[in-house]
Amino acid sequence: MLTAVLDLVLPGTCAGCGAKGARLCDGCVAELTASPARRGPDPSPAGLPDCWSAAPYTGVVRKAVVAYKERGAVALAGVLAQAATFTAVTAIGRTQASWARGRLAVVPVPSARRSLRGRGHDPVGRLAVLVARDLRALGVPARVWPGLVQARGVADQAGLSSAERAANLAGSLQVASPAGGPPAPVALLLDDIVTTGATLAEAARALRSAGVRTPLAVTVAATRRRSWKSLR
């Protein structure tokens, strides 16, 4: 918590390159937002929505995401959310998605309770609020809906293969229906990073089981998995 407070009130350095000044300098912002694209993992797990990310999870992008997620640099939330919003709008425009003409529920993938306690904040939940706000500013009728919750505990995913991650996560999420249910019949799934896609696939399964269409998943960054199925 102290780190987050200091991040807001003290002059900082760029989380990406270390330059003095803004929390993310213009050059690093440009790298974060320059290449929104379809970056689905290969192999792709069953049930994974169309998966787009703002940038590869390397270099300055990786440093910025880690600073925000693990080190409490909450001042980065705005620019990361803008990158995710730009990615969502790009995906909708390039695929000419007819479902995007109606209302959208921006649904954050929930973190494990132990992760939330350790970090002292909810990084993806915070991003979802800002992404929904930014989409509305662009004319997209979006509302955040934190409707997914942990149904059971899961093992640490580090070091697990794609198949092991899928098995570890199977049935781990469910819809909780806060505030009377989803504000829209279509969900835009949001997470910070996609690796094997197992988490997003499980989140989509839970939403679909509750009757919520889930055609698109958006992340800030994507790790490289053999190859990316990209649409430029």
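The values are calculated or read from the model by the stated rules, or taken from the named source; none is laboratory data. The model shown is predicted, which means the values in this text are computed figures rather than measured ones. Cβ coordinates were reconstructed from backbone atoms using ideal geometry, including for glycine residues, and neighbour counts include every protein chain displayed. For the accessible areas, the whole protein counts, side chains as well, though only heavy atoms, and no ligand, DNA or RNA atoms are used. Shrake-Rupley method; radii C 1.70, N 1.55, O 1.52, S 1.80 Å.
Here residue 59 meets each of (1) open to solvent by less than 40 Å² (accessible area, probe 1.4 Å); (2) out of contact with any Gly (no Cβ under 7 Å at 6 or more places or on another chain) with one exception, condition (1). Residue count for the stretch 80-107 under the criterion of being under 19 Å from residue 57 (Cα atoms) and open to solvent by 10 Å² or more (accessible area, probe 1.4 Å): the result is 3. The residue that is modelled with the lowest pLDDT, counting only those in the stretch 183-211 that are under 15 Å from residue 145 (Cα atoms) and more than 18 Å from the chain's Cα centre (by Cα), is 183. Applying the criterion of at least 3 residues that are within 18 Å of the chain's Cα centre (by Cα) and at pLDDT 85 or above to the helices (runs of 4 or more DSSP H) found wholly in the stretch 75-172 leaves 77-95, 123-137.
If you check 72, 40 for being modelled with pLDDT under 95 and more than 16 Å from the chain's Cα centre (by Cα), only one passes: 72. Taking the criterion of being surrounded by fewer than 24 Cβ atoms within 10 Å (Cβ to Cβ) and in a loop (DSSP other than H, G, I, E, B), the residues of the stretch 37-47 that qualify are 42, 43, 44, 45, 46, 47.
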